[in-house]
Amino acid sequence: MTDASYRDALFTTPLDRVASFSFDEQVVRCFPDMIRRSVPGYGQIIGMLGVIAARHLRRGAHVYDLGCSLGASTLALCQQLPADAFTLDAVDLSPAMVERAREVLTEHCPGYTVNVHEGDIRHFPLRSAGLIMVNFTLQFLDPEDREAVIDRLYRTLEPGGMLILAEKITFADPTRAALMIDWHHDFKRANGYSELEISQKRNALEHVMIPDTLETHHDRLARSGFNRHYTWFQHLNFAAMVAFRD
Ligand SMILES: C[S@@+](CC[C@H](N)C(=O)[O-])C[C@H]1O[C@@H](n2cnc3c(N)ncnc32)[C@H](O)[C@@H]1O
Ligand SMILES: O=C(O)C(=O)C[C@]1(C(=O)O)C=C[C@@H](O)C=C1
């Protein structure tokens, strides 16, 4: 997608005290490389978004990309759908991400009605939408806040609308959870990350990114009113779900 020339080297040197992970300028510079080398299945999930939207999105519907980072999900829609197929608001809390996302989407989605906003998805005002994408972002919210967000997204969707939710996940069975974490770290090693990078990133993400189980996600979707919700992709401890508002 975007300029992937900056390799993620954020945790290559030993740090006395690993600061909590935050989406600052340093992360923005290497984000496409970081997420591709860190999230199993990332490219496949993002690539399917445009394909799914092409089948399901009502022509002219409004779309949200919540926790948009550099706009990869929005870009995937622009690559599959014509400019008059939808209007879109992308939202992110990080000023550095928003600034770069605006540049990326202006360059790669000319003619599309796409606006990028700096905002918190817990409070950002929403209007009726046909598709809401929340990819690898709910995991960064305080677990106590997640239900209210999903409730609000349900109410925001028009009948026939769809929520796409991709997340890092955990497992109720500790043996399975530990195996998936080991394999995820092997995946990172295979993608060139060192032991030091893996352990320092893990420390930086502790308490900042708290994954739920798939059961927790599906129970929450059901409580919010979604009566059709499925997991359509899973690779190790990362998964993508879809929930329809009938
Ligand atoms: C892993 S990234 C999302 C990746 C992106 N959706 C993609 O697929 O490329 C998580 C993003 O969520 C944003 N974020 C975290 N908490 C947020 C909140 N409360 N409101 C809006 N954005 C938030 C971060 O700034 C970060 O850019
Ligand atoms: O779980 C990890 O170790 C990750 O690096 C995952 C993850 C994510 O899922 O968002 C965390 C932060 C970065 O945004 C990129 C990837």
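Of the set (1) surrounded by fewer than 18 Cβ atoms within 10 Å (Cβ to Cβ); (2) in a strand (DSSP E or B), all apply to MET133 but (1). From the list LEU88, LEU66, LEU77, the one residue that fits, being within 20 Å of ARG245 (Cβ to Cβ), touching a residue at least 24 places away in the same chain (Cβ under 8 Å) and touching a Gly at 6+ places or on another chain (Cβ under 6 Å), is LEU77.
Would you please name the residue that is farthest from ligand 2 (Cβ to nearest atom), looking only at residues in the stretch 188-227 that are aliphatic (A, V, I, L, M) and assigned to a loop (DSSP other than H, G, I, E, B)? Applying the filter and picking the extreme gives ILE210.
Is it true that ALA54 is among the hydrophobic types (A, V, I, L, M, F, W, C), modelled with pLDDT under 95 and surrounded by fewer than 17 Cβ atoms within 10 Å (Cβ to Cβ)?
It is false that ALA54 is among the hydrophobic types (A, V, I, L, M, F, W, C), modelled with pLDDT under 95 and surrounded by fewer than 17 Cβ atoms within 10 Å (Cβ to Cβ).
Within the stretch 44-63, is there a residue that is near ligand 1 (Cβ under 9 Å from one of its atoms), touching a Lys or Arg at 6+ places or on another chain (Cβ under 9 Å) and within 21 Å of ALA166 (Cα to Cα)? Taking every residue of the stretch 44-63 in turn, none turns out to be near ligand 1 (Cβ under 9 Å from one of its atoms), touching a Lys or Arg at 6+ places or on another chain (Cβ under 9 Å) and within 21 Å of ALA166 (Cα to Cα).
Counting only residues that are within 16 Å of ligand 1 (Cβ to nearest atom) and in contact with a Ser or Thr (Cβ under 8 Å, 6 or more places away or on another chain), which one in the stretch 76-91 is nearest to GLY111 (Cα to Cα)?
First pass over the stretch 76-91, keeping only residues within 16 Å of ligand 1 (Cβ to nearest atom): 76-80, 88-91.
Right, trim to in contact with a Ser or Thr (Cβ under 8 Å, 6 or more places away or on another chain) and you get 88, 90.
Numbers: LEU88: 12, ALA90: 16 Å.
Step by step, filter the stretch 76-91, then rank; the result is LEU88.
Would you say VAL114 is crowded, with 21+ Cβ neighbours inside 10 Å, touching a residue at least 40 places away in the same chain (Cβ under 8 Å) and assigned to a strand (DSSP E or B)?
Working: crowded, with 21+ Cβ neighbours inside 10 Å: yes; touching a residue at least 40 places away in the same chain (Cβ under 8 Å): yes; assigned to a strand (DSSP E or B): yes.
Yes: the conditions hold for VAL114.
The values are calculated or read from the model by the stated rules, or taken from the named source; none is laboratory data. All values derive from a computational prediction rather than experimental measurement. Ideal geometry is used to build each Cβ from the backbone, glycine not excepted, and the neighbour counts take in all protein chains shown.
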